[in-house]
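Everything on this sheet refers to the single structure shown next.
The values are calculated or read from the model by the stated rules, or taken from the named source; none is laboratory data. The structure displayed is predicted, hence computed values, not measured ones. Cβ placement follows ideal geometry from the backbone for every residue including glycine, while neighbour counts extend to all protein chains displayed. Just the protein is used for accessible areas: all its heavy atoms, side chains included, with ligands, DNA and RNA removed. Shrake-Rupley method; radii C 1.70, N 1.55, O 1.52, S 1.80 Å.
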Amino acid sequence: MNNSKTLFFNLLIFSILFISSSNSWINCWMGLEINTLIFLALTYNKKFLINSEFSIKYYLIQSISSINFLFFILIINYNLIDSSNIYNFILMNLNLTLLMKMGSAPFHFWMISIIEGISWNNTFILLTLQKIPPMILISYYLNMKMLIMVIILNCFFGSIGGLNQLNIQKIMIYSSIYNFSWMFSSIMISENLFFFFIAVYMLIFFNLTYLFSKFNLFFINQLYLIKSNKFIMLIIFFNLMSLGGLPPFLGFISKWIISIYMIQTMNSLVLILVLSSLINLFYYIQLMYPFLNIQKFENKWSFNFKMNPIMMISSYISLFSLILSSMLMLIY
């Protein structure tokens, strides 16, 4: 990462912290605009024309949602409404604009169309860090009925949409849409649980995007190229199962804690979340078909790949969490 990319990445983190610590809607809007411009600067690459198409589409979607967001917060700040019902309606629309900004269902279709124009590094930022500011703003006003409906829609679109995909980036997008449902569930319980879930999700997603980026993998059939490297395939397999929440992997711990809290009051919603995770596991296993295939396949060339220290640490955390999650299961 060169100096300019490092600077923009630090500014992106600063914008997220600025939004999280703001005490007015106007400051939050300003933080969201700064965040959008910094992310566009991070994704800019003059060598690829398709990257310019991504930037234009992303900017248009963010601009439309930001205009709506500004319109609703101006109504709230200047007390232009007297009825409590209209006030609740305005706040609900405020949350809908944030759902559109982050690409949550039912406003997720724009993310599917633009995801092929960016690198894996930018995909990681788009599907992890860019989710945090809108989620924090949604937590300021929680409409439980609307959130339950959004959780169900994310479960449906996130699990069904990834079944017939051959592009790995699109599969990760649908996986991210499904994980929106767990994020909304965690934020209904507490913000600390949400930050724990997003931290685990970012760790797992970093392991996957780093490996996909190093081997330049974008389609399922390209996974045959690394079949000879058993260790790398094993790490990808473990992280995919962890992303799907299969016990006793790392991703299971956060989802298990959320389920324990929710099962006391919302049994049917937990059932929907668990059943949807089974569909997600199906297309994760589809990604691992080259590894599970017993047919012998060897390349005439080999990859020279050395894991950097950050990747080694995150992989060990992900793998050794099997022991931690197994101990927690025995305790409970």
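Some notes on this structure:
- Selection within region 127-144 - in a helix (DSSP H, G or I) and open to solvent by 10 Å² or more (accessible area, probe 1.4 Å): Leu129, Gln130, Ile132, Ile136, Ser139, Met144
- For region 188-217, a residue qualifies if it is more than 14 Å from Ile236 (Cα to Cα) and open to solvent by less than 10 Å² (accessible area, probe 1.4 Å), and the qualifying residues are Phe194, Phe197, Ile198, Tyr201.
- Restricting region 248-266 to residues that are open to solvent by 10 Å² or more (accessible area, probe 1.4 Å) and within 22 Å of Ile160 (Cα to Cα), the residue that is modelled with the lowest pLDDT: Phe252
- Every residue from region 234-274 that is β-branched (Val, Ile, Thr), outside any loop (DSSP other than H, G, I, E, B) and under 18 Å from Phe197 (Cα atoms): Ile253, Ile257, Ile258, Ile260, Val270, Val274
- Complete set of residues in region 72-116 that are open to solvent by 10 Å² or more (accessible area, probe 1.4 Å) and among the small types (Gly, Ala, Ser): Ser83, Ser84, Ser113
- Here is the figure for region 1-24: residues that are open to solvent by 50 Å² or more (accessible area, probe 1.4 Å) and within 26 Å of Ile76 (Cα to Cα) total 4.
- Candidate set from region 145-187 (those that are open to solvent by 40 Å² or more (accessible area, probe 1.4 Å) and either of a type in the set (Lys, Arg) or outside any helix (DSSP H, G or I) (or both)); member that is modelled with the highest pLDDT: Lys170
- Filter pass, Pro106 being assigned to a helix (DSSP H, G or I), more than 18 Å from Phe205 (Cα to Cα), touching a helix residue (DSSP H, G or I) at 6+ places or on another chain (Cβ under 6 Å) and touching a residue at least 12 places away in the same chain (Cβ under 8 Å): no
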